[in-house]
1. Within 10 Å of each candidate Cβ there may be at most 13 other Cβ atoms; applying that plus a DSSP loop requirement, which trypsin sites (Lys or Arg not before Pro) in segment 203-296 survive?
2. How many Å² of accessible area per residue for the chain, probe 1.4 Å?
3. Let me have the relative contact order for segment 227-311, percent, based on Cα pairs under 8 Å that are six or more residues apart.
4. Among the lysines, select those whose C-alpha is under 18 Å from the C-alpha of K229, and discard any that sit fewer than 8 residues away in the same chain.
5. What distance in nm separates the two pseudo spin-label positions at I66 and V164, each 7 Å out from Cα along the beta-carbon direction?
6. For the chain, what is the calculated [θ] at 222 nm in deg cm²/dmol (nearest 500), taking -39500 (n - 2.57) for each run of four or more DSSP H residues and dividing by its residue count?
7. Based on the Cα coordinates of the chain, what is the per residue volume of their convex hull in Å³?
8. Counting only protein heavy atoms, what percent of the accessible surface of segment 120-191 is carbon or sulfur at a 1.4 Å probe?
Amino acid sequence: MDNHLSYQAPSDSATLSIKQTPPDSSATWKDFITLTKPGIIRSNLIAVFAGYWVASQWDIQFGKMILTLLGTVLVMASACVYNNYFDRELDTKMERTRNRTLPSGRLKPSIVLWYAFILGALGLADLFIFSGVLAGIFGMVGMFVYAIVYTMWLKRSSTWSTSVGAISGAMPPLIGYVAVTHNVDMGAILLFAWLFLWQPPHFWALGIRRVEEYRAAGYPLLPVVKGIKRTKIQIIPYLVLLIPIPILMYVFGYTGIYFMIIGTLLSLFWLFLGIKGFTAKDDDAWAKKLFIFSINYLTLSLIVMILNTVH
């Protein structure tokens, strides 16, 4: 995720100067990489690996795993490029985004659109051919939800954008899992639920810290529309529902007792931090702690899950 930066809507002259920037004036290969949002891809890659590993139970087909990782990366990259394409006008309104490749005019929108299409076509072909029909279908679902439902619709119109958008963020471990099992069983459901429930508290913590930025940009994020107190309340059910996931992973025989203990303790501590928000005197400082812990929570949990997968 980006660091906490402030911005304001650019003046008309600034917006005009952006639109007058000659297309392709200084495009480099780095612009094509940046369009794919490498940070998002890196953070999701370990989730794909974890899903594949849990389903394989240490009996890994490394060739298929690499192809599954590659296909998922291409699909995620495509969705991110589509996101940049559809958000290109909105990005001109924000200081921290108006220097991106499209708003600055370094690439033509038509080139970016073709780039997104090619990445998606290659990624889906990889998943359908090498990882199975279910993996390909879930790849399509992730792309559609992120690029169309989230970016084009809810992000611009509803506070539900974060919760619905979490569907696409929960696809990576599911893709990795079904690439091995070729069916949706309790393991797939639990992995999906885990990543789905993790995302709203993570993103709303960031939204609380940047509430004025989102307000200035006109995004109907929950803290902007309903307020910080309501956002704090809405975070709690997600944190509560995370608690049984490590326990169920153990009960159904997917992971061992170490993941159950560590995962449950991490979930309980995250809930404790969430509840502390109701008495916090400094919402920004509290939200920063919650956001940082959410990243550490996911990283530690994934590592323990992988290491403690049942043989």
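The values are calculated or read from the model by the stated rules, or taken from the named source; none is laboratory data. These numbers come from a predicted model, not from an experiment. Positions of Cβ are generated from backbone atoms using ideal geometry, with glycine treated the same way; all protein chains shown enter the neighbour counts. The area values use the complete protein model at the heavy-atom level, side chains included, leaving out ligands, DNA and RNA. Shrake-Rupley method; radii C 1.70, N 1.55, O 1.52, S 1.80 Å.
1. Details: sites: R209, R210, R215, K226, K229, R230, K232, K276, K281, K288, K289; in loops: R210, K226, K281.
Of the trypsin sites (Lys or Arg not before Pro), the ones in loops of segment 203-296 whose Cβ has at most 13 other Cβ atoms within 10 Å are K281.
2. Working: 14310 Å² over 311 residues.
With all protein chains present, the chain gives 46 Å² per residue.
3. Working: 67 pairs, mean separation 30.6, N = 85.
Relative contact order of segment 227-311: 36 percent.
4. Filter leaves K276, K281, K288, K289.
5. So the label points at I66 and V164 sit 4.0 nm apart.
6. Numbers: 16 runs with 216 residues, N = 311.
-22000 deg cm²/dmol, from helical runs alone.
7. Working: hull volume 35.6 nm³, N = 311.
Considering the Cα atoms of the chain, their hull volume per residue is 115 Å³.
8. Details: 2130 of 2710 Å².
Result for segment 120-191: 79 percent of the exposed heavy-atom area is carbon or sulfur.
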